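Right, one structure below, let's go through it.
The values are calculated or read from the model by the stated rules, or taken from the named source; none is laboratory data. Keep in mind that what you see is a predicted model, and the values were worked out from it rather than measured. Cβ coordinates were reconstructed from backbone atoms using ideal geometry, including for glycine residues, and neighbour counts include every protein chain displayed. To get the accessible areas, we keep the full protein, side chains included, count just its heavy atoms, and leave off ligands, DNA and RNA. Shrake-Rupley method; radii C 1.70, N 1.55, O 1.52, S 1.80 Å.
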Amino acid sequence: MLDRTDPTLVSHVMAEHNELFRRLTDLRTRFTASAAPAPAVIAATVADLAELRRHLATHFAREEEGGLLEESVARLPRLAAAAGGVLRQHPGLLGRLDALVARLAAGKAGAWTEGAADFEAFAAAIHDHERAENAVFQEGHVEDLDLDD
Ligand SMILES: [Fe+2]
Ligand SMILES: [Fe+2]
């Protein structure tokens, strides 16, 4: 019989995902608030995106070090391919955020509108990523982890 997952591990992952989604929602509000924002608003958005990038890099590094994904594979080895697949998405997701920050920081004409579209695509990719990750966590655990997606 498998041990139950440490509830603090689950709540930690949940807290990080909630924090991530809060940041994404705040950024979406910034992008949709104005079609032609003042330079100070663009600078604040770039700063928030950089902060999101730091949060995400820390979150990804923690997932890569072990935790729920590793535990899921240990319980159910056939999940190895799915777990490897989600982990391999991490560098590409960070790269997309870097490209978005660079585009906005360069400040060329149209950068804000294009950046808003890039951000929407990025936010959708993060949601897909976390949903796939939660599916691996949940499948590897007999008990209901009660994860959002
Ligand atoms: Fe992840
Ligand atoms: Fe995650």
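Can you tell me which residue among S11, S34, S72 is under 20 Å from D146 (Cα atoms) and either free of Cβ contacts under 8 Å to residues at least 60 places away in the same chain or touching a Lys or Arg at 6+ places or on another chain (Cβ under 7 Å) (or both)? Before the answer, list the steps.
Working: S34 fails: under 20 Å from D146 (Cα atoms); S72 fails: either free of Cβ contacts under 8 Å to residues at least 60 places away in the same chain or touching a Lys or Arg at 6+ places or on another chain (Cβ under 7 Å) (or both).
After ruling out the rest, the residue left standing is S11.
On the given criteria, is F137 within 13 Å of ligand 2 (Cβ to nearest atom) and of a type in the set (A, V, I, L, M, F, W, C)?
Values: within 13 Å of ligand 2 (Cβ to nearest atom): yes; of a type in the set (A, V, I, L, M, F, W, C): yes.
The answer is yes for F137.
Restrict the check to region 102-109 and report whether at least one residue is within 16 Å of ligand 1 (Cβ to nearest atom) and either more than 15 Å from L52 (Cα to Cα) or in a helix (DSSP H, G or I) (or both).
Within region 102-109, the first condition is being within 16 Å of ligand 1 (Cβ to nearest atom), and the residues that meet it are none.
No, every residue in region 102-109 fails to be within 16 Å of ligand 1 (Cβ to nearest atom) and either more than 15 Å from L52 (Cα to Cα) or in a helix (DSSP H, G or I) (or both).
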Conditions (1) more than 11 Å from ligand 1 (Cβ to nearest atom); (2) exposed (fewer than 13 other Cβ atoms within 10 Å of the Cβ): number failed by R88: (1)
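So if I check each of T45, T5, T25, which one is open to solvent by less than 80 Å² (accessible area, probe 1.4 Å), hydroxyl-bearing (S, T, Y), outside any helix (DSSP H, G or I) and more than 13 Å from ligand 1 (Cβ to nearest atom)?
Numbers: T45 fails: outside any helix (DSSP H, G or I); T25 fails: outside any helix (DSSP H, G or I).
Only one candidate qualifies: T5.
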Among the residues in region 120-128, are any within 16 Å of ligand 1 (Cβ to nearest atom), of a type in the set (D, E), modelled with pLDDT of 95 or more and surrounded by fewer than 19 Cβ atoms within 10 Å (Cβ to Cβ)? yes
Options A81, A74; residue that is away from ligand 2 (no atom under 14 Å from the Cβ) and at pLDDT 95 or above: A81
Going through region 63-80 one residue at a time, which ones are farther than 16 Å from L9 by Cα and open to solvent by 80 Å² or more (accessible area, probe 1.4 Å)? P77, R78
Residue count, region 18-45 (criterion: within 16 Å of ligand 2 (Cβ to nearest atom) and in contact with a helix residue (DSSP H, G or I) (Cβ under 6 Å, 6 or more places away or on another chain)): 2
